[in-house]
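Asks: Structure incoming, see below.
The values are calculated or read from the model by the stated rules, or taken from the named source; none is laboratory data. Owing to the predicted nature of the structure, the values given are computational and were not obtained by experimental measurement. FYI the Cβ positions are ideal-geometry reconstructions off the backbone, even for glycines, and counts take in every protein chain you see. For accessibility, only protein heavy atoms count, side chains too; no ligands or nucleic acids. Shrake-Rupley method; radii C 1.70, N 1.55, O 1.52, S 1.80 Å.
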Amino acid sequence: MLDKLTQKFSDAFRFIAGKSAITEKNIDDAVEAIKMALLEADVNLRVVRRFVNSTIEEAKGEKVLRSVDPGQQFIKIVHDKLVSFLGGGGEILKLKGPDTISTVLMLGLQGSGKTTSSAKLALRLKKEGRNPLLAACDLVRPAAVEQLFVLGSQIDVPVYKEDGAKDPVAVYKSALALARKNLHDTLIIDTTGRLQIDEPMMEELKRLRDAVKPDELLLVADSMTGQSAADIAKTFDEKIGLTGVVLTKFDSDTRGGAALSLKTVTGKALKFVGTGEKPEDFEPFHPDRIAGRILGMGDVVSLVEKAQEVIDQKEALELQKKMEKETFTLDDWLNQIRSVKKMGSLQKMLEMIPGMAGQISEEDINREDLKHQEAILSSMTLKERANHLIIGPSRRSRIARGSGTSAAEVGRVIKKFEKMRTMMKKMSKAGKNSAAMQQMMGGRGF
C-alpha cells in the first residue's frame, strides 16, 4: 500500500536528514524530489503545484532554517501538508439517530466496486450497533441485484430486491416501507452504474436522489485509476452532489494519486477505503494515519484497533499472567496464531509499524511456515498441547502424519515454542522490549 510513494519520500528526506543546519538549496533539492515523487504517483498536476509551493513557502521561513533540528522540522511540515491535502481531520458519516431512518446513496461507475462496498458499509454499520437494510436499485447491470443479495446473505444483512423491476424509485419506496416496518435505522441503496458517465445514468440518479433526499451520497471509485478517480468524483459532484468518496482497492494502490488528489480537486472528503476482498476489509479513512504511513512513520493506532477487534481483553490479561508464570502452552500458541491470522495480512500489519514500511516485502514473510505450525499444533491432542513434555518420538510421528509434515519439523516447532516461552517470561519481567519481541517473532515471521 503506497509503497512506491513511501520509498520516494524517504529518498527525498535524505537531502535534509541529519544536517545540523540546512540551506535553501537543501530545501530546494528535497522539494524537487518530493515533486517528482508526487508526479510519479499520478497526483493531479494542480495539486502537486499547490503542495510544492506551500511547502517551499513554509520550509524557507525562519521556523525551519533557525530550528534546533531543521531536518525534523522540515519533515513535520511535509507531514502536516500531507494531512491537509488528504483531508485534514477526516470525516465520519452524518447519520441520524436510531429512532429515524438514515439513507445512504451509493454511486459509481461499473467495475468500481460499488455493490461490494455497499455490503461492506452495511457490515461495518452493523458492527457499530446500527440495523442496516440494503436496497438493490441497480437495475441495469446484469446480476447486480443477485450479487447484492448474495453479499447480504454472507454478512447476515437483509436485502430488499424486486425481480424484474424497472423503476429504481419504486424499488426504493418499497424498501423504505420495509425498513419502517422492520425497524431498520439505515437504508443503503446500491444504484445503477455505467462503464462511463452518460446523461441517461445521471438523469436516473438525479431522479433517485430527489426521491430519497439521502443523508449521504457516496461515490465509490477505483484507486488504481489514479487522478482519474478524482476527475470522476468532480463530475459526479457537479451533476449529482456528493458528501464523500469511498476508494476501493486501496490495498493494491502503491502510488497514491487518487487519495492525494481527491480532497483538493473535489472539496469532498475521502471517508472510507476498501483494503481487501473480505467483507470486513473496509476502513474509515484517517488522513493523519495515512500521512504517517507515507512518510514511513507507521500507523500504530490502526494496528492496535485491529488487535482489539480480535483479541479479548480478559483473554489478553490471562495470557500475560501465563507468560509471567511460564505456564504458556502450545494451545495458547495455537490460539495466538489464529488471532494473528484474523487481523489480516502480515504485510499490512508490518506496514503499520514505524520504520517497517518497504523494509520487508511480501516474499520475505514465510506464510508456509505459519501454515505448517498451525497444522502441526492442530494435529496434537488437547493433552499434548497442554503439556508438550509428553510428546515423545511415537507421538511426533503421529503428529507428523496428521499434519502432512515430518517428525523433524514437529521437533523444530516444539523447540521454537520452548525458546519463545522463555523469551516471553523475560519480556514480561523487562516490560517493553522491542528487540526481544522481534526475536520472539522469529525475525520475519511468527
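Asks: Restricting to the stretch 159-201, and then to whatever is out of contact with any strand residue (DSSP E or B) (no Cβ under 7 Å at 6 or more places or on another chain), within 25 Å of LYS126 (Cβ to Cβ) and touching a residue at least 60 places away in the same chain (Cβ under 8 Å), can you tell me which residue is surrounded by the most Cβ atoms within 10 Å (Cβ to Cβ)?
Replies: GLY193
Asks: Just the residues that are within 13 Å of GLY87 (Cα to Cα) and without any contact (Cβ under 8 Å) to a residue 24 or more places away in the chain, please, taken from the stretch 244-292.
Replies: Within the stretch 244-292, ARG289 is the sole residue that qualifies.
Asks: Scan (1) at pLDDT below 95; (2) open to solvent by less than 60 Å² (accessible area, probe 1.4 Å); (3) over 16 Å from LEU105 (Cβ atoms) for the single condition ALA144 breaks and write down its number.
Replies: (3)
Asks: So, one more: Being in a loop (DSSP other than H, G, I, E, B), open to solvent by 10 Å² or more (accessible area, probe 1.4 Å) and at pLDDT below 90, is that true of even one residue in the stretch 44-52?
Replies: Keep residues of the stretch 44-52 that are in a loop (DSSP other than H, G, I, E, B), which gives 44.
Filter once more, keeping what is open to solvent by 10 Å² or more (accessible area, probe 1.4 Å): 44.
Narrowing the set further to residues that are at pLDDT below 90 leaves 44.
The answer is yes; a qualifying residue exists.
Asks: Quick check: anything in the stretch 225-241 closer than 23 Å to TYR160 by Cβ and aliphatic (A, V, I, L, M)?
Replies: Kept after step one, since they are closer than 23 Å to TYR160 by Cβ, are these residues of the stretch 225-241: 240.
Imposing the further condition that a residue be aliphatic (A, V, I, L, M) reduces the set to 240.
For the stretch 225-241, residues closer than 23 Å to TYR160 by Cβ and aliphatic (A, V, I, L, M): present.
Asks: Against the definition (of a type in the set (A, V, I, L, M) and surrounded by 16 or more Cβ atoms within 10 Å (Cβ to Cβ)), how does ILE390 come out, yes or no?
Replies: Working: of a type in the set (A, V, I, L, M): yes; surrounded by 16 or more Cβ atoms within 10 Å (Cβ to Cβ): no.
Spelling it out, it is not the case that ILE390 is of a type in the set (A, V, I, L, M) and surrounded by 16 or more Cβ atoms within 10 Å (Cβ to Cβ).
Asks: Next up: Answer yes or no as to whether LEU123 is open to solvent by less than 30 Å² (accessible area, probe 1.4 Å), aliphatic (A, V, I, L, M) and touching a helix residue (DSSP H, G or I) at 6+ places or on another chain (Cβ under 6 Å). Talk me through it step by step, then tell me what you get.
Replies: Numbers: open to solvent by less than 30 Å² (accessible area, probe 1.4 Å): yes; aliphatic (A, V, I, L, M): yes; touching a helix residue (DSSP H, G or I) at 6+ places or on another chain (Cβ under 6 Å): yes.
In short, yes.
Asks: Could you tell me whether any residue of the stretch 212-225 is assigned to a helix (DSSP H, G or I) and either open to solvent by less than 10 Å² (accessible area, probe 1.4 Å) or within 27 Å of GLU128 (Cα to Cα) (or both)? Walk me through it before giving the result.
Replies: Step one: of the stretch 212-225, the residues assigned to a helix (DSSP H, G or I) are 212, 223-225.
Next, only the ones that are either open to solvent by less than 10 Å² (accessible area, probe 1.4 Å) or within 27 Å of GLU128 (Cα to Cα) (or both) stay: 212, 223.
Yes.
Asks: Follow-up. Please indicate, with yes or no, whether at least one residue in the stretch 151-158 is at pLDDT below 95 and open to solvent by less than 20 Å² (accessible area, probe 1.4 Å).
Replies: From the stretch 151-158, those at pLDDT below 95 are none; that's our starting set.
No: zero hits.
Asks: Failed condition for GLY129, given (1) crowded, with 17+ Cβ neighbours inside 10 Å; (2) within 22 Å of the chain's Cα centre (by Cα), with all others met?
Replies: (1)
Asks: Is it the case, given these coordinates, that ALA407 is at pLDDT below 90, more than 24 Å from the chain's Cα centre (by Cα) and among the small types (Gly, Ala, Ser)? So that I can check it myself, show each step before the final result.
Replies: Working: at pLDDT below 90: no; more than 24 Å from the chain's Cα centre (by Cα): yes; among the small types (Gly, Ala, Ser): yes.
Spelling it out, it is not the case that ALA407 is at pLDDT below 90, more than 24 Å from the chain's Cα centre (by Cα) and among the small types (Gly, Ala, Ser).
Asks: Is one or more of the residues making up the stretch 340-351 part of a helix (DSSP H, G or I), open to solvent by 70 Å² or more (accessible area, probe 1.4 Å), at pLDDT 85 or above and on the phi < 0 side of the Ramachandran plot? Write out each step before concluding.
Replies: Taking the stretch 340-351 and keeping what is part of a helix (DSSP H, G or I), we get 340-342, 346-351.
Now drop any that are not open to solvent by 70 Å² or more (accessible area, probe 1.4 Å), which leaves 341-342.
Those still in the list that are at pLDDT 85 or above too: none.
No, that holds for no residue.
Asks: Further, regarding this structure: Of all residues being under 20 Å from the mean Cα position of the chain (by Cα) and closer than 13 Å to GLY108 by Cα in the stretch 230-266, which is surrounded by the most Cβ atoms within 10 Å (Cβ to Cβ)? Just the residue, please.
Replies: Keep residues of the stretch 230-266 that are under 20 Å from the mean Cα position of the chain (by Cα), which gives 230, 244-263.
Then drop every residue that is not closer than 13 Å to GLY108 by Cα, which leaves 230, 244-248.
Working: ALA230: 27, GLY244: 23, VAL245: 30, VAL246: 27, LEU247: 28, THR248: 28.
Taking the candidates together, the pick is VAL245.
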